[in-house]
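What follows draws every value from the coordinates through simple rules; no lab data is involved. Values in this document were obtained by computation on a predicted structure and should not be read as measured data. Using ideal geometry, Cβ is built from the backbone for each residue, glycine included, and neighbour counts are taken over all protein chains shown.
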Amino acid sequence: MSNTTQSEITYPDVNINIVRAKEPIDIPIVENRIATTAGSPNFIRHITFDVTGTPLEGKVVAGQSIGIIPEGVDERGKPHKVRLYSVSSPTRGEDGAGKLISTTVKRVIDEHWDTQELFTGVCSNYLSSRKAGMMVKMTGPSGKRFILPENPTEYNYLFFAAGTGIAPFRGMIMDLMEQNSKNEIAMIFGCPYRTDVLYREYFEPLAQSVENFHFLKSISREEPRQDGSKYYVQYQLIDNRALLEPLLKKNNTLIYVCGLKWMETGIYQILAQQGYLDYLKVKDELMEKDPASWSWDDIKTIKPSDRMNVEVY
Ligand SMILES: Cc1cc2nc3c(=O)[nH]c(=O)nc-3n(C[C@H](O)[C@H](O)[C@H](O)COP(=O)(O)OP(=O)(O)OC[C@H]3O[C@@H](n4cnc5c(N)ncnc54)[C@H](O)[C@@H]3O)c2cc1C
Ligand SMILES: NC(=O)c1ccc[n+]([C@@H]2O[C@H](COP(=O)([O-])OP(=O)(O)OC[C@H]3O[C@@H](n4cnc5c(N)ncnc54)[C@H](OP(=O)(O)O)[C@@H]3O)[C@@H](O)[C@H]2O)c1
């Protein structure tokens, strides 16, 4: 596809806060299936909700989040607060009619940082344990900007996701496929183990059958880079430069980043090293230093440009 001159990128108006935390609605779960494969130490689930007949029906756009309020009270005896989860369904829902929306939830399970006791996150475990037929209290949607732009098929995309950060991109890519986008789309996904490649059953065949779609995996703990270091998503910019450079050079390419807090910093550094400053707002004085030597304080001054959308938590 030839380059188009980049004009201002605009985003569709989307609904937010139709259902507020003060008055959440009861929504049934229709499916709750494991999304990691046997042997994985991580429990990530694809959960589908039926919002038929509620104010959320047909109103949740790929990239937005829903809120879930777990049952029970916190350690202070107060009702639990809402937790946000990105929808992984496309804008027309899993059913094509905006009635079934889904998310991708990872159980937060760890040793407590201070007490050494087992630490289990409240909402992720509550939600993961709910079975089809059970209800949850839902709010939303939230998020106005981490969505596809107006006229989405006019752009190329580099989507970078760590772990469950792939959720919004599944929906966005399904939207782009439905609109028969002919521009280039690279889904760059990172996870610890081969067992954790989320939505592999969708993305791998898609990459085989759709010439302009590319699925790049960085399996950090099992498939190191040639120098033996951990494979993180940002290193695909170096190791797969032949594929990604032509995309980055087009002035109708957008970058989206979703997942772990701070994962964007490695992407910023490599983009700056490679000279792709259209995607970043970097102070002139910072460019006098080699990006590889940027300190943490330096990195914190960098902001994404309007060609890059970052949502990391
Ligand atoms: C916009 C947005 C979208 C999101 N989308 C998704 C999504 O699609 N999928 C998904 O899985 N998550 C998503 N999240 C994260 C999600 O909202 C919750 O934060 C996550 O599920 C943890 O919630 P929890 O109730 O299970 O954990 P909590 O009970 O809230 O525990 C987590 C808290 O405990 C602390 N903590 C964590 N580990 C330890 C430890 N070992 N010892 C002591 N303290 C610890 C953390 O600092 C954190 O504040 C999203 C967040 C945002 C803001
Ligand atoms: N809309 C949103 O904002 C949204 C949506 C969904 C999820 N999330 C957030 O995304 C996070 C996903 O966590 P997860 O537990 O699913 O992921 P994870 O499995 O722990 O990590 C995914 C991969 O990222 C790697 N990684 C670690 N540090 C990195 C860095 N600095 N740069 C690049 N890659 C790095 C990990 O490698 P190693 O572990 O081997 O080091 C692993 O391979 C959660 O914090 C969740 O809150 C946000």
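Arrange the peptides 230-242, 256-268 so that the one whose residues have, on average, the most other Cβ atoms within 10 Å appears first. Can you show the working numbers first?
Values: 230-242: 17.3, 256-268: 20.0.
Most protected by this proxy first, the peptides run 256-268, 230-242.
State to the nearest 20 debye the size of the charge dipole of region 25-142 about its Cα centre, where the only charges are +1 on K and R beta carbons and -1 on D and E beta carbons.
Working: 14 positive and 13 negative charges, 55 e Å.
For region 25-142, the charge dipole is close to 260 debye.
Counting each DSSP H run of 4 or more residues in the chain as -39500 (n - 2.57), what helix-only mean residue ellipticity at 222 nm follows after dividing by all residues, to the nearest 500 deg cm²/dmol? Let's see the in-between values first.
Details: 7 runs with 59 residues, N = 313.
Estimated from H runs of four or more residues: -5000 deg cm²/dmol.
Considering only DSSP beta bridges with both partners in the chain, what is the antiparallel share in %, to the nearest 5?
Numbers: 32 of 56 bridges.
Close to 55 percent.
Would you mind calculating the relative contact order of the chain from Cα pairs under 8 angstrom and at least 6 residues apart, reporting the percent as a whole number?
Computed value for the chain: 18 percent relative contact order.
Pick out, from LEU158, LEU237, PRO168, the residue whose Cα sits farthest towards the positive end of the charge dipole of the chain, with +1 on the Cβ of Lys and Arg and -1 on the Cβ of Asp and Glu.
The residue sitting farthest along the positive end of the dipole is PRO168.
For GLN208 and GLU245, calculate 0.36 nm times their separation in residues minus their Cα-Cα distance, and state this gained length in nm to one decimal. Could the numbers behind the result be given before it?
Numbers: separation 37, 0.36 × 37 = 13.32 nm, distance 2.08 nm.
This chain segment gains 11.2 nm when fully extended.
What is the sum of charges around ARG45, taking Lys and Arg as +1, Asp and Glu as -1, for the other residues whose C-beta is under 10 Å from the C-beta of ARG45? Could you put the intermediate results ahead of the total?
Working: positive: ARG33, LYS106, ARG107, ARG130; negative: GLU31.
Cβ neighbours under 10 Å give a net charge of +3.
Can you order the peptides 108-118, 272-282 by their average number of other Cβ atoms within 10 Å per residue, highest first?
Working: 108-118: 9.6, 272-282: 16.7.
Those peptides, ordered most packed to least, come out 272-282, 108-118.
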